[in-house]
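I have placed the structure first, in the form of structure tokens, so that the comments after it can refer back to it.
The values are calculated or read from the model by the stated rules, or taken from the named source; none is laboratory data. If you're wondering where the values come from, they're calculated on a predicted model, not measured in any experiment. Cβ atoms come from the backbone with ideal geometry, glycine included; neighbour counts cover every protein chain shown. Remember, those area values only see protein heavy atoms, side chains included, never the ligands or the DNA or RNA. Shrake-Rupley method; radii C 1.70, N 1.55, O 1.52, S 1.80 Å.
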Amino acid sequence: MISVYLLFLFSTLASIAMYSYPRTAIKVGFGLGALSSFYACCHFLGAIDETTSFALFGNFLFAPHFELTPLGQFFSFVVSFIALASSIYGLSYAEEYVKKANTAVFASLFNAFVLFMLLVISANDTFSFIVLWELMTIVSAFLILVNDGGDKTLKAVMIYLGIAQIGAFCILCGMLIINHYTGSSVFNQLSGTYMPLWASILCFVLFLIGFGSKAGMWPFHVWLPLAHPAAPSNVSSLMSGVMIKVAIFGLIKFALMLPLAPGFGIVLVLFGAASALFGVLYALTQHDYKALLAYHSVENIGIILLGIGSGLYGLATSNSLLAGLGLMAGLYHVLNHATFKGLLFLSAGSVLRATHTKDMQALGGLAKKMPYTAAFFFIGAMAITALPPLNGFVSEWFVYRSMLLGGMGDGVLARFIFGLGMVALALTGALAVMCFVKVYGVIFGGMPRDERINQNAKEAPKSMLAGMALLALGCVGFGLGAKSVVASILTPVSNLYGSTQNIQAISTPLIAIVLLSTLLMPFVILRVVKANRKKPREGDPWACGFKYSTRMQMTAAPFTGDLRKITNWILRADKKIETNGYFEPVRYKNHTKDIWWAWVYEPSIKFNKLIADKIGIMQNGKTNLYALYVLLYLCAILAIGHYML
């Protein structure tokens, strides 16, 4: 455990030491990052059933103590696995930044980001947890700025930091309340302590806001579609793949320290259903493919919360099978979402690097130019849409099982909420398939919509393909090897609820054999009957007698036109039609707005700006007035100290 952290610390320092050698810094920084991540993967996977700990020597920074339980080992493995693929990818990808950023700083921040995520997972006291949590947030904000320091990126970073600070404040308040009742700030001494019901509910609400905002849970998700597209793609892979999972780790860890009530699980299921449904609805209407992937993170965090909520409900009602199934579903989907979302963001980075546009309306026909990237994106799309036999299918199957079991409980409210969750999950699955048919079809299928972009597009370098290939193998392996994955996750799950309930996985190899047989059947029939052996005739698509044009292809906007009409009450599309004379083409724009931003965040920001303007009157540059402020403050403190202490 210490050796892993020291390796990432060394990688961080070695990267920044190459400050004057940008190309060498890329090889050294991301190369060491890959080696450290590979070692970390092996270490955490081998120690997944162990509890390890260490304390820093002396009394450095409040004598911080670090401990990894099986749950921490599992999340550390997930972080290291995605970091490994992103580091390999970065060896060639970071070459793009030689002229617009210092690559030594980029590589150093990248390794520091991974280090702080791992340290947050192992932090075992309030002080070190919140300090490392803030360092993780700040470093990720700097990494977003590596890509672009423009006004739009700065705005995205400020919104991200603003919501992160509100979340950190809630987490700290929740931890301090627990510390008050337990008389200790060391986490492994906090569980099982008596707390009044109101304090327990208050702490749960604070943790839900704090960790939920970092995880991108609805309605705290508004920073994701702004920050993730603005970051470099290998950083987006880490932020969307694992940083938001660190928040899920925190939510599980601190929720289990509280006296659990069935309502906690019900609330998580409700928020999970809303996140899944709203996330996929907003994703469907995006034209920026990186923003679309960010909204799918909101959706998948919702699916994870459905599983975790079922598990907490099972724990609170002493239903060990439901507790085990729910936690297994949540943790399995944590691993799977990190893998396929990492793959999709890396594939999107390759497309962006080749085309220099995030607008999918301008793309098309890239499968011929970038066949390997198209294949990897296709695997990621199959996994995220839960198509068998890939990994997303198995974890969603566990989520369905846990929801079904929860819906068979005694309470009417629980039956209704779990039923609602299942309907939301089914709708989410159907809409996710529709969304990725659109994305893959518009970007990789059809004919090129812009010849200039198409001519300049070329396949990604080998190291970028290697990073994507590793995650694609993960998507296939975590699906086909479901029984082994379940056996590995069962250790942290059993450690959480203190039981060894037998949980069986579905036989995905059998499903794969059936599907492959179905796929090969037409070719076998053709071979047997010896038909259709003529060489196919190639020509332009039939266009009802008109001359074919690439403008006749389906684009992203009309693909979801009917859905926009049905859901306009919630999506609130901003329609604009521009006409420039009879002979010029009509330009039609139809962008949706995130109504939660308009309803909640925008009025709050305007109110804060108004308050800031009023307070700003006090800042007038007169030294004597500043001395008066200090004097008044001291008098107030003395008065409070005299009468209240």
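Out of the range 8-46, which residues are among the small types (Gly, Ala, Ser) and over 25 Å from the mean Cα position of the chain (by Cα)?
First, pick out the residues of the range 8-46 that are among the small types (Gly, Ala, Ser): 11, 14-15, 17, 20, 25, 29, 31, 33-34, 36-37, 40, 46.
Ala14, Ser15, Ala17, Ser20, Ala25, Gly46, listed by residue number.
Among (1) in a helix (DSSP H, G or I); (2) of a type in the set (Lys, Arg); (3) under 20 Å from Leu292 (Cβ atoms), there is one condition Lys614 misses while meeting the rest; what is its number?
Failing condition for Lys614: (3).
Can we say Leu135 is open to solvent by 20 Å² or more (accessible area, probe 1.4 Å), closer than 22 Å to Phe169 by Cα and touching a Phe, Trp or Tyr at 6+ places or on another chain (Cβ under 6 Å)?
yes
Got a sec? Which of Phe142, Phe116 is free of Cβ contacts under 8 Å to residues at least 24 places away in the same chain, of a type in the set (Phe, Trp, Tyr) and open to solvent by 10 Å² or more (accessible area, probe 1.4 Å)?
Working: Phe142 fails: free of Cβ contacts under 8 Å to residues at least 24 places away in the same chain.
Selected residue: Phe116, the only one of Phe142, Phe116 that is free of Cβ contacts under 8 Å to residues at least 24 places away in the same chain, of a type in the set (Phe, Trp, Tyr) and open to solvent by 10 Å² or more (accessible area, probe 1.4 Å).
If I filter the range 537-556 down to residues being open to solvent by 100 Å² or more (accessible area, probe 1.4 Å) and in a loop (DSSP other than H, G, I, E, B), which single residue comes out as nearest to Leu284 (Cα to Cα)?
Ranking the qualifying residues of the range 537-556, first place goes to Met554.
Would it be correct to say that Lys575 is open to solvent by 100 Å² or more (accessible area, probe 1.4 Å), in contact (Cβ under 8 Å) with a residue 12 or more places away in the chain and either closer than 24 Å to Ala156 by Cα or not in a helix (DSSP H, G or I) (or both)?
yes
Gly446 - would you say it is touching a residue at least 24 places away in the same chain (Cβ under 8 Å) and outside any helix (DSSP H, G or I)?
The answer is yes for Gly446.
So which of Leu305, Leu331, Leu312 is without any contact (Cβ under 8 Å) to a residue 60 or more places away in the chain, crowded, with 24+ Cβ neighbours inside 10 Å and either more than 30 Å from Tyr97 (Cα to Cα) or charged (D, E, K, R) (or both)?
Residue meeting the stated conditions: Leu312.
Inside the range 187-209, can you point out the residues that are under 17 Å from Glu67 (Cβ atoms) and open to solvent by less than 40 Å² (accessible area, probe 1.4 Å)? Break it down into steps so the answer makes sense when it comes.
Here is the first cut: in the range 187-209, the residues under 17 Å from Glu67 (Cβ atoms) are 187-192.
Correct list: Phe187, Leu190.
Filter the range 428-454 down to residues that are open to solvent by 40 Å² or more (accessible area, probe 1.4 Å) and at pLDDT 85 or above and give me whichever is farthest from Leu387 (Cα to Cα). Before you say what the answer is, go through the steps one by one.
Here is the first cut: in the range 428-454, the residues open to solvent by 40 Å² or more (accessible area, probe 1.4 Å) are 430, 433-434, 437, 440, 446-447, 449-452.
Remaining after also requiring at pLDDT 85 or above: 430, 433-434, 437, 440, 452.
Details: Ala430: 11, Val433: 9, Met434: 13, Val437: 13, Tyr440: 15, Arg452: 35 Å.
So the residue we want is Arg452.
Looking at (1) closer than 28 Å to Asn234 by Cβ; (2) within 24 Å of the chain's Cα centre (by Cα); (3) touching a residue at least 24 places away in the same chain (Cβ under 8 Å), can you tell me which one Leu172 breaks?
Status for Leu172: all satisfied but (1).
Between a residue in the range 214-234 that is closer than 19 Å to Ala168 by Cβ and any residue that is basic (Lys, Arg) and surrounded by fewer than 24 Cβ atoms within 10 Å (Cβ to Cβ), which pairs come within a Cβ distance under 9 Å, given they are 6 or more apart or on different chains?
From the range 214-234, the pairs are Leu226/Lys152; Leu226/Lys155.
Whether any residue in the range 459-475 is more than 30 Å from Leu45 (Cβ to Cβ) and touching a residue at least 12 places away in the same chain (Cβ under 8 Å) is what I want to check.
Yes; the residues of the range 459-475 include at least one that is more than 30 Å from Leu45 (Cβ to Cβ) and touching a residue at least 12 places away in the same chain (Cβ under 8 Å).
Quick one: which residue in Leu516, Leu563 is open to solvent by less than 70 Å² (accessible area, probe 1.4 Å), closer than 24 Å to Gly441 by Cα and not charged (D, E, K, R)?
Leu563
Can you name every residue in the range 583-608 that is open to solvent by 50 Å² or more (accessible area, probe 1.4 Å) and among the charged types (D, E, K, R)?
Glu584, Arg587, Lys589, Lys593, Glu602, Lys606
Would you be able to tell me the number of residues in the range 612-629 that are open to solvent by 70 Å² or more (accessible area, probe 1.4 Å) and within 28 Å of Ile166 (Cα to Cα)?
Total meeting the criteria: 7.
Which of the residues belonging to the range 11-30 are in contact (Cβ under 8 Å) with a residue 24 or more places away in the chain and within 29 Å of Ala47 (Cα to Cα)?
Ser11, Thr12, Leu13, Ser15, Val28, Gly29, Phe30
Among the candidates Ala482, Ala414, Ala460, single out the residue that is open to solvent by less than 20 Å² (accessible area, probe 1.4 Å), under 23 Å from Asp359 (Cβ atoms) and not acidic (Asp, Glu).
Ala460
Taking only the range 559-587 into account, find how many residues are closer than 21 Å to Met434 by Cβ and of a type in the set (Ser, Thr, Tyr).
Number of matching residues: 2.
Quick one: Lys341 ticks every box in (1) farther than 23 Å from Ala230 by Cβ; (2) open to solvent by less than 30 Å² (accessible area, probe 1.4 Å); (3) among the charged types (D, E, K, R) except a single one, so which number is it?
Result: Lys341 fails condition (1) only.
Which residue out of Ala107, Ala101 is buried (at least 23 other Cβ atoms within 10 Å of the Cβ) and under 30 Å from Ser20 (Cβ atoms)?
Values: Ala101 fails: buried (at least 23 other Cβ atoms within 10 Å of the Cβ).
It is Ala107.
Could you list, in sequence order, the residues of the range 344-354 that are closer than 14 Å to Val439 by Cβ and open to solvent by 10 Å² or more (accessible area, probe 1.4 Å)?
Passing the criteria: only Leu352.
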